[in-house]
Every structure is written in structure tokens, then in C-alpha cells.
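Read the structure below first, then the notes.
The values are calculated or read from the model by the stated rules, or taken from the named source; none is laboratory data. Everything quoted here is computed from the prediction, not taken from an experiment. In this analysis, Cβ positions are derived from the backbone assuming ideal geometry, glycine residues included, and neighbour counts consider all displayed protein chains.
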Amino acid sequence: MERLQYISQETEKLSHLEGIEKACEAGVKWIQMRVKNKNEQQVTELAKAVQQICNLHNCYLIINDHASVAKQINANGVHLGKEDMSVSEARKLIGDSFTIGGTANTIDEIEMHFRSGANYVGVGPFKFTTTKQKLSPILGLEGYRKIMDEYSKRNISIPVIAIGGIELNDIKEIMSTGIYGIAVSGLIANAIDAKATVKQINESINASIFTTC
């Protein structure tokens, strides 16, 4: 599983499609298409276009919320928010070959996803972010440390992805907590030189992994 994930957003300058293309061209290999306030037909049409870009760049594609869309376009998987269907329901719908991720804010929610058969869990927010409208309590570094300490005690084995307002200078400290990887949005979407930014992100992640080994 990739340690760097890009979550799409619309900005004043970029559409979802343009942002995803920017991330893929910059070297990101895991894309989560996260589209809110559009109906399923609109999401499906966008997902088809995104799938073409991901195929071109050999990128893994996860569809946020819409398990049926992920199945229809044969994406790699689906990411489920707190208000979406459960992991077990999604698994019944799309089958065992798809990757399923879940959103969590606490160790109990992480364990729930793990026991339900999720493949990974996105945990946050690290700090305040405007990308999400309904923001869970901010975790910060101390929150991640506590979660990952309890994670080990409970014998949970599922990749934990940090998310929420992460900047370049946050990455090494986040990774030092035992987190598997990070998911970012604005850090890449708003980058003047996205390729250089992705390179810096990956270098920070890899340096942290090497240090903790």
C-alpha cells in the first residue's frame, strides 16, 4: 500500500479532474476521488474520466463514499466516511477483490474497522482543515501517539493513514508515531511545483521509515 495518498478537492484554480491529473503527473500513485454535493450520475461520469487518468499514470484509484460507483467503473476500491455504509455492507456489495478504507478519529473506531475487514483506515484530523465540512476532534501529534500506543496493545494490524491539514514540516514527526503513511490534499493541489513537493514528501516519509527501522 502506498504511504502517500492524494485526496481530491476543487479549488478556485483547479477542478477535481485537474487536481488529480496534477497529482498523478507529479508522481502520486494513490488517488482518492472525494466529491461531495453531486448526485451519483455526476460522480460516475467524473469517476470514469478520473479512471482514464489513473490508468495512464498507473495509479491506484479509490472512490470516496460511493461503493456502487467504485464497482461500476472497476476502481481499485472505496473509502467510507462515518456517515456512509459500513465496511461489511460495502464488502457484500463490491466483493473481496476491492480495497476498502474507513475514516476514524479514535482507537475504538480503528479497531471496529479492523475487525470488520477494512484494508486500511484514515485517521484524523491532524489539525484544522477546510477540506472537510464536519470536522472530528483534532488529534495532533499527541493524539496519534496515544492511538498508536493503544494500537500495539490491542494487536491491531491495519495500515493507519494520517490525514487533515498536513504540511511538509509535519511529516517526519507524524511518521515517528508509528503511522503507516499520510493523505494530503491542498499540499499538492496548491503547490507551485507539485513534482518537487511530492518528491519532498516521499523523502520525508522514507527518511522517517529508515530512522525508525
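Points worth noting:
- In the condition set (1) acidic (Asp, Glu); (2) at pLDDT 95 or above; (3) closer than 26 Å to residue 160 by Cβ, residue 83 is compliant with all but (2).
- Selected residue [of a type in the set (S, T, N, Q), at positive phi and out of contact with any Asp or Glu (no Cβ under 6 Å at 6 or more places or on another chain)] from 190, 155, 202, 169: 155
- Pairs with Cβ under 8 Å, 6+ apart, first in region 109-135 and within 12 Å of residue 163 (Cβ to Cβ), second of a type in the set (D, E, K, R) and modelled with pLDDT under 95: 125/132
- Among residues of region 26-41 being in contact (Cβ under 8 Å) with a residue 24 or more places away in the chain and charged (D, E, K, R), the one that is nearest to residue 16 (Cα to Cα) is 34.
- Yes/no for residue 151 being within 18 Å of the chain's Cα centre (by Cα) and over 25 Å from residue 13 (Cα atoms): no
- Identity of the residue in region 143-167, touching a strand residue (DSSP E or B) at 6+ places or on another chain (Cβ under 7 Å) and part of a loop (DSSP other than H, G, I, E, B), that ends up surrounded by the most Cβ atoms within 10 Å (Cβ to Cβ): 166
- Counting the residues of region 152-208 that are among the basic types (Lys, Arg) and under 23 Å from residue 99 (Cβ atoms) gives 1.
- Given (1) surrounded by 14 or more Cβ atoms within 10 Å (Cβ to Cβ); (2) without any contact (Cβ under 8 Å) to a residue 24 or more places away in the chain; (3) more than 30 Å from residue 192 (Cβ to Cβ), index of the condition residue 44 fails: (2)
- Matching residues, region 18-54, being within 23 Å of residue 4 (Cβ to Cβ) and either of a type in the set (Ser, Thr, Tyr) or not in a helix (DSSP H, G or I) (or both): 27, 28, 29, 30, 31, 32, 33, 34, 35, 36
- If you go through region 168-213 and keep only what is under 26 Å from residue 107 (Cα atoms) and either part of a strand (DSSP E or B) or acidic (Asp, Glu) (or both), you end up with 170, 173, 181, 182, 183, 184.
- In region 19-41, the residues that are surrounded by fewer than 21 Cβ atoms within 10 Å (Cβ to Cβ) and of a type in the set (Val, Ile, Thr): 35
- Single residue of 97, 176 found to be among the small types (Gly, Ala, Ser), surrounded by fewer than 16 Cβ atoms within 10 Å (Cβ to Cβ), without any contact (Cβ under 8 Å) to a residue 12 or more places away in the chain and under 19 Å from residue 2 (Cα atoms): 97
- Between 62, 107, 100, 94, the distinction of being within 17 Å of residue 17 (Cα to Cα) and at pLDDT 95 or above belongs to 62 only.
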